[in-house]
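A short write-up of the structure that comes next.
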Amino acid sequence: MDQKWFKQCLADKKLVDQLKKIKLIISDVDGALTDARVYVAPEGERGRMFSVQDGYIVKYVMQAGIKIALISGKSNQSTVMRGTDLGIPEELCLVGFNSSKLEVINQLQQKLQMSADQTMSWGDDILDANTKLNNIVGLYACPNNAPFYIQPCADIVVPRSGGDSAFRLLMDLLLYVQGKHFAPELISRSL
C-alpha cells in the first residue's frame, strides 16, 4: 500500500511542484506523531508514545535544510522532550499557547521568514485542516486516522495512522521529491 501511494504522489505533477517548495514542516503532536493516546496516572498526564521511525528521519529532514516545528495546544513536557531529543530546537517546540494555532503558525513563519507556499502542515484534526482552509500553508497532510470529514481538506492523506510511521512516509516522499533523500536508489529501485 505504501509503495502504491508513493507512486501516485509522484505521478501528481502539481503535488510534486508544491513539495519541492517546502522548507518548513509544522507538525501537530497528538494523533499525528502519536497514536492519539495519552497516558494518565493519578498524578496526572504521564506521556505519549512516539514512533522511532518517525524520529529517525527528523535528522535527515533538518540536514536537508528543512525546519520542523512541533506545535501542540496542550502544555506537555513529553512533546518538548521528544523534540529536543530529536534535535529540534526548543524554540520550535511550541506547547501550551493561549492564542490560536493559526496565529502561532503565522508568527513562526514571520520569525523564520517563510511563506505559506514554503510551509506544510501535518496533523489529524480541524485545527490542522484550518491551516489549509485559511491559506496559512501551501500543503496540508494528514494521517489516515484523521476523521473522515478532515481527510478531504488534505492535499495528502498518508496511508498510515499517526504514531505508526506515517510522518516517516511523508518525509520520505518530501526528501525524495526534493532530491535530498538518504537512500534514493533504494526507493527508485522499489518503484
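Every number in this text was worked out from the coordinates using simple rules, so none of it is lab data. The model shown is predicted, which means the values in this text are computed figures rather than measured ones. Ideal geometry is used to build each Cβ from the backbone, glycine not excepted, and the neighbour counts take in all protein chains shown.
Just a few scattered comments:
- Its Cα centre serving as origin, the chain has a Cβ charge dipole (Lys and Arg +1, Asp and Glu -1) of approximately 540 debye.
- The mean of 1/r over all pairs of different alpha-carbon atoms in segment 84-187, once inverted, gives a Kirkwood hydrodynamic radius of 14.8 Å.
- Charge context of residue 125, other residues only, Cβ under 9 angstrom, K/R +1, D/E -1: -4
- Within-10-Å neighbourhood charge of residue 82 [Cβ basis; K, R +1; D, E -1]: -1
- Applying the criteria of a DSSP loop state and at most 16 other Cβ atoms within 10 Å to the trypsin sites (Lys or Arg not before Pro) of segment 41-125 yields 74.
- Computed helical MRE - 222 nm, the chain, DSSP H runs ≥ 4 contributing -39500 (n - 2.57), nearest 500: -12000 deg cm²/dmol
- Straight-line reach from residue 20: taking Cα to Cα under 27 Å and skipping same-chain neighbours fewer than 8 places apart, the lysines in range are 4, 7, 59, 67, 101, 111, 132, 180.
- Helix axis angle, 166-177 relative to the chain longest principal axis, alpha carbon, degrees: 40 degrees
- Free of any chymotrypsin sites (Phe, Trp or Tyr not before Pro) that DSSP assigns to a loop and that have at most 15 other C-beta atoms within 10 Å, the longest stretch within the chain is 1-96.
- FRET efficiency, 1/(1 + (r/R0)^6) with R0 35 Å, evaluated for residue 8 and residue 52 via beta carbons: 0.85
- Electrostatic bookkeeping for residue 139 treats Lys and Arg as +1 and Asp and Glu as -1; over the other residues with beta carbon under 12 Å from its beta carbon, the sum is 0.
- Sorted fewest first by neighbouring Cβ atoms within 10 angstrom, 142, 9, 153 come out as 153, 9, 142.
- Geometric descriptor of the chain, per residue, is 113 Å³ (volume of the convex hull of the Cα atoms).
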